[in-house]
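Any read-out appearing in this document is the output of simple, stated calculations on the displayed coordinates, not a laboratory observation. Note that the structure is predicted; figures quoted are calculated from it, not measured. Every residue, glycine among them, receives a Cβ derived from its backbone with ideal geometry; neighbour counts consider all protein chains shown.
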Amino acid sequence: MKILFTKIIAAELLSKELGSDISAECVEVIRTEPIRTVPFDLKNYSLIFTSVNGVRSFFENQFKPNEDFTARNYNKIYCIGEKTKRELRKYGFGTFKVLKNAEVLSRFIIGNCQDEKFLHFCGNLAIDVLDKNLPLQNISYKKITIYTTEELYPSVPEKYHAAVFFSPSGVRSFAKLNPLEGIKIFSIGETTSGELRKYTAGEIFTSEENNLASIFRLIKKKL
């Protein structure tokens with residue numbers, strides 16, 4: 001049994017999680033680079049992070065959120081996924097709300113946060129769910145592009161029993177030169193699965209949570 005991961009994962013972790021019966025290989029399908037940005041005052045804004053790269057680039061650019069809820073101009077922090085939450089923790093910040101994907105976050109904001117102003121720190125290829133939905137509800141929302149994602153378009157001639165995908169941009173990069181038919185497809189979350197459905201009518205196995213532990217559980221269950 002051979003499975004392809006469309007991101008680089010440590011060989012030790014793959015061996016530990018999948019054992020000796022599954023041969024796992026990795027290919028890099030996207031590359032990210034931070035954008036240098038002059039930090040500005042964040043007062044009165046709620047902050048949105050939808051990726052680990054967004055968090056890293058935000059703090060590398062020396063932005064300084066105010067998480068003191070007793071202060072007048074504190075910043076609420078919203079994020080997608082436990083991995084993004086953990087990355088914020090590394091920099092000493094918690095989260096006001098953690099949602100599973102952009103669609104769920106959009107519904108939560110529309111239903112509960114009409115009076116807040118939002119800044120979304122993200123990449124150049126960030127999905128457009130929030131900027132499509134929030135302004136229609138007269139919610140103040142602005143994207144701050146803080147890193148770039150380059151799609152690498154690798155050609156993978158070897159045949160695999162299964163492939164694992166981690167982002168919509170990763171799906172597009174892989175699918176440009178490689179077919180998705182005839183293999184089992186695993187996806188880390190509904191947003192990535194939505195992109196996969198543009199390229200295949202086959203069954204897509206979607207993890208319940210947006211993290212590696214959840215995708216490994218799914219792989220072991222389905223393979």
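Quick look at the values:
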| quantity | calculated |
| --- | --- |
| Ranking of Phe58, Phe216 by count of other Cβ atoms within 10 Å, fewest first | Phe216, Phe58 |
| For the stretch 65-111: rounded, prolate or oblate by the Cα gyration tensor [a/c cutoff 1.5] | oblate |
| Derived scalar couplings ³J(HN,Hα) [the stretch 115-131; Karplus, 6.51 cos²θ - 1.76 cosθ + 1.60; whole Hz; x for Gly, Pro] | 9, 8, 10, 10, 10, 10, 8, 8, x, 5, 10, 4, 4, 9, 4, 5, 6 |
| Residues with amide H under 5 Å from that of His120, placed H, sequence gap 5 or more | Ile48, Lys142, Lys143, Ile144 |
| With Cα atoms, 0 to 90° folded angle of helix 102-112 axis to the chain main axis | 30 degrees |
| Proxy reagent accessibility, fewest Cβ within 10 Å first, across Phe96, Phe69 | Phe69, Phe96 |
| Theoretical gain in end-to-end length, Asn112 to Arg86 [0.36 nm per residue, Cα-Cα removed] | 6.9 nm |
| Rounded tilt (10° steps) of 212-222 against the dominant C-alpha axis of the chain | 30 degrees |
| Computed label-point distance, nm, for sites Ala213 and Ala201 using a 7 Å Cα→Cβ extension | 3.9 nm |
| Mean residue ellipticity (222 nm) of the chain, computed from DSSP H runs ≥ 4 via -39,500 (n - 2.57), nearest 500 | -8500 deg cm²/dmol |
| Cα centroid separation - the stretch 137-167 against the stretch 1-77, whole Å | 13 Å |
| Computed Kirkwood radius, in angstrom, where 1/r is averaged over Cα pairs of the stretch 1-120 | 16.6 Å |
